[in-house]
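See below for the structure under consideration.
Every read-out reported here was derived from the displayed coordinates using simple, explicitly stated rules and does not represent laboratory data. Nothing here was measured: the structure is a model prediction, and the numbers come from that model. Positions of Cβ are generated from backbone atoms using ideal geometry, with glycine treated the same way; all protein chains shown enter the neighbour counts.
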Amino acid sequence: MLASKEVDAMSDAGRPAEGPGARAPFDSPQLWRALVGDHSAAAPVALPLFSTREALAAGLTARRLTSLRSRRRVEPIARGRHILIPPGAPRDWRIAPLEAAWLVAVSVFGWDLPYLSGLTAAACHGAIAHPPGVVHITGPSQVRDIDLPGVGCTVRFHQRSERTWSESRGAHHGDPAAVDILAGELCRMRITTENQTCLDLEHSLRRTGHPRVAAAARLTLQRRAAYRALWDACQLQRRWTAYGRLTGWRSQEPIDPRETYRSF
């Protein structure tokens with residue numbers, strides 16, 4: 001379960017080894033070294049998530065890994081992907097799908113680049129219910145969906161290139177998205193701010209795959225925001241059309257009234 005939401009600087013990413021509240025409730029690198037029997041072993045980048053390949057490279061045998069699973073020391077969430085279980089966790093402990101998806105994104109892009117976005121971000125901000133069976137995460141490059149049957153969800157990646165669009169004019173239309181930090185049980189996750197989420201949803205309602213749900217989330221987030229704050233959020237980004245729709249300068253995108261979450 002998610003514990004709380006914290007607003008941090010973008011440079012203070014959800015890395016579970018730095019910053020106040022950034023650590024997991026257990027020393028996962030130390031636990032990792034104890035599991036592999038090597039106190040100098042480097043921890044996997046997305047720990048407490050690790051892959052079978054990383055385990056074998058660190059000296060764990062397939063038999064040992066099977067034993068750890070049977071003794072509830074690790075939890076498989078997908079083929080070749082495992083989570084370290086916190087010491088003292090109850091027998092029925094399971095990692096939250098949101099955190100599992102985030103750690104998978106970290107294993108792909110590192111701690112500083114991906115962030116929860118779109119409908120998932122809107123749900124974390126309380127604007128809508130969580131999309132069933134899917135977690136939306138944005139990264140710097142396109143990656144295929146990754147299924148996590150162990151937690152019953154799919155990680156759906158979206159691409160956003162954080163780059164300068166017109167250096168000759170001094171306009172940085174590719175500036176990074178505004179990101180907060182969401183504190184979870186095992187790690188902290190980067191997530192678009194409410195204003196950024198509102199603009200992103202309006203920018204591409206249909207690309208979410210569920211424009212009616214996205215429109216409802218956008219409306220809830222818009223009611224919480226001041227237009228000045230939305231204006232500040234869209235500065236230096238490709239969100240002028242979205243801002244125009246939110247403020248009535250442009251017509252809203254037509255939406256199929258039959259659209260629901262049913263197609264997830």
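Summarising the amide proton neighbourhood of Thr154: residues at separation of 5 or more, or on other chains, whose placed amide H is nearer than 5 Å comprise Val134, Val135, Leu148. Sorting 55-66, 115-126, 89-100 by their mean Cβ neighbour count within 10 Å, with the most densely packed peptide first, gives 115-126, 89-100, 55-66. For His39 and Ala229, the difference between the fully extended length at 0.36 nm per residue and the C-alpha to C-alpha distance is 63.5 nm. Scanning residues 5 or more positions from Ala78 or on other chains, those with amide H under 5 Å from its amide H are Gly150, with H placed 1.01 Å from N in the peptide plane.
Neighbours of Asp147 by Cβ distance under 11 Å: Lys/Arg scored +1, Asp/Glu scored -1, total +3.
Charge tally for Thr192 (other residues, Cβ to Cβ under 11 Å; Lys, Arg +1; Asp, Glu -1): -1.
For region 67-72, backbone phi angles converted through the Karplus equation (6.51, -1.76, 1.60; θ = phi - 60°) give residue-by-residue couplings of 5, 5, 5, 5, 8, 6 Hz, Gly and Pro being listed as x. Scanning residues 5 or more positions from Ala178 or on other chains, those with amide H under 5 Å from its amide H are Thr193, with H placed 1.01 Å from N in the peptide plane.
Residue-wise HN-Hα couplings along region 144-158, as the Karplus relation 6.51 cos²θ - 1.76 cosθ + 1.60 with θ = phi - 60° gives them from phi, are 5, 4, 10, 7, 10, x, x, 10, x, 8, 10, 8, 9, 8, 10 Hz; Gly and Pro carry x.
If the segment from Gln142 to Ala78 were pulled out straight at 0.36 nm per residue, it would be longer than the present Cα-Cα gap by 21.0 nm.
For region 20-166, rounded, prolate or oblate, judged on the Cα gyration tensor with a ≥ b ≥ c (square roots of eigenvalues), a/c < 1.5 rounded, else prolate if a/b > b/c?
Details: a/c = 1.97, a/b = 1.57, b/c = 1.25.
Prolate.
Set the Förster radius R0 to 25 Å, insert the Cβ-Cβ distance between Ala96 and Arg71 as r into 1/(1 + (r/R0)^6), and round the FRET efficiency to 0.05. So the FRET efficiency works out to roughly 0.70. Summing charges over all other residues whose Cβ lies under 15 Å from the Cβ of Arg79, with Lys and Arg as +1 and Asp and Glu as -1, gives 0.
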